[in-house]
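Step one of this worksheet: look at the structure below.
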Amino acid sequence: MEPQTQNNQDKISTWIVDDNKNFCLVLAVNLNKSKTVDCQRFFHSCKTLLRDLETEISPPSVILLDIKMPAMNGLDAIVPIKKLSPGSNIIMLTSYDLDENIRAAMKRGASGYLLKTASSDEIVRAIESVQQGGVPLDPMITKKMMSAYIGWEGPENVYNLSPREKNVLKLVTQGMNNLEIAEKLFISRFTVETHLRNLFHKLDIHSRPKLVVKAINDRMV
């Protein structure tokens, strides 16, 4: 289904997957008010989305995906979506903040996780962030995960991370992209990329979302 909005090739192509038709329509209209996001399509089942992706010539840059869906839930749809459209970044947009859902989503290939309490502006910023390599997490989720580890000193530095690598890793888990990290730490973007390559190597990780999951699971941040 398509909202009545003119397409803009310069914007970030975004699809919504949610079985609440009114939610899809309202969110699409609000996203299209932004200067950076173009939301022309939404789906009310994961199977319909997958069917369309099989023949889609121009898949979206970003997919906003709910978890609770008919027939196939959003978590089960992540892997087949990534197989059909590896270049599409998936941001979970759901009401469920269970730790197991968050970890499952990120491990399966999602690039971000937002709650439906997020404002349209926050969703737009998350879409912009994921396009720039960030891993946007809802502030409430980040706070919840971090608070679980308050008072826990954490393991020894078994991965032999340098102080700067630890700083970069912490900012990655906060959803910052490379440019934002560079500006925060007053270093070049090239230096950030070098630290990330070192982190991937030391932690035996091959994607940014999985780096976030490992950092949180192993309580490195």
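A few points about this structure:
- 17 Å tail of the calculated P(r), region 36-139, as % of Cα pairs: 48 percent
- Net lengthening on full extension, S120/R164 (0.36 nm per residue, minus Cα-Cα): 12.5 nm
- Across the chain, the relative contact order, built from alpha-carbon pairs under 8 Å that are at least six residues apart, equals 16 percent.
- Relative exposure of D10, D97, judged by other C-beta atoms within 10 Å (fewest first): D10, D97
- Residues E54, E128, sorted so that the one with the fewest Cβ neighbours within 10 Å comes first: E54, E128
- Computed [θ] at 222 nm, helices only, for the chain once each DSSP H run of length n ≥ 4 contributes -39500 (n - 2.57): -14500 deg cm²/dmol
- By the rule of a C-alpha distance below 18 Å, with chain neighbours fewer than 8 residues away ignored, the aspartates and glutamates paired with K33 are E2, D10, D121, E122, E128.
- Cα point-scatterer Debye curve for region 149-217, base-10 log of I(q)/I(0) at q = 0.22 Å⁻¹: -0.97
- For the residues L171, L185, L115, a GNM of the chain with alpha-carbon springs under 10 Å puts the largest fluctuation on L185.
- Within the shell defined by Cβ-Cβ distances under 11 Å, the residues around M69 carry a net charge of -2, with Lys and Arg each +1 and Asp and Glu each -1.
- Positive-end extreme of charge dipole, the chain - chosen from S95, H195, I141 (charges on Cβ): H195
- Distance histogram for the chain (every C-alpha pair counted, 10 angstrom bins, percent rounded to whole numbers): 8, 34, 35, 18, 5, 0
- Here K47 is the anchor, and the aspartates and glutamates within straight C-alpha reach of less than 12 Å, apart from those fewer than 8 places off in the same chain, are D18, D19, D76.
- Subtracting the Cα-Cα distance of N73 and D218 from their residue separation scaled by 0.36 nm leaves 49.4 nm.
Bear in mind that the values in this text are calculations on the coordinates, not laboratory data. Model, not experiment: these values are computed from the prediction. Reconstructed Cβ throughout: ideal geometry from the backbone, glycine too, with neighbour counts over all protein chains shown.
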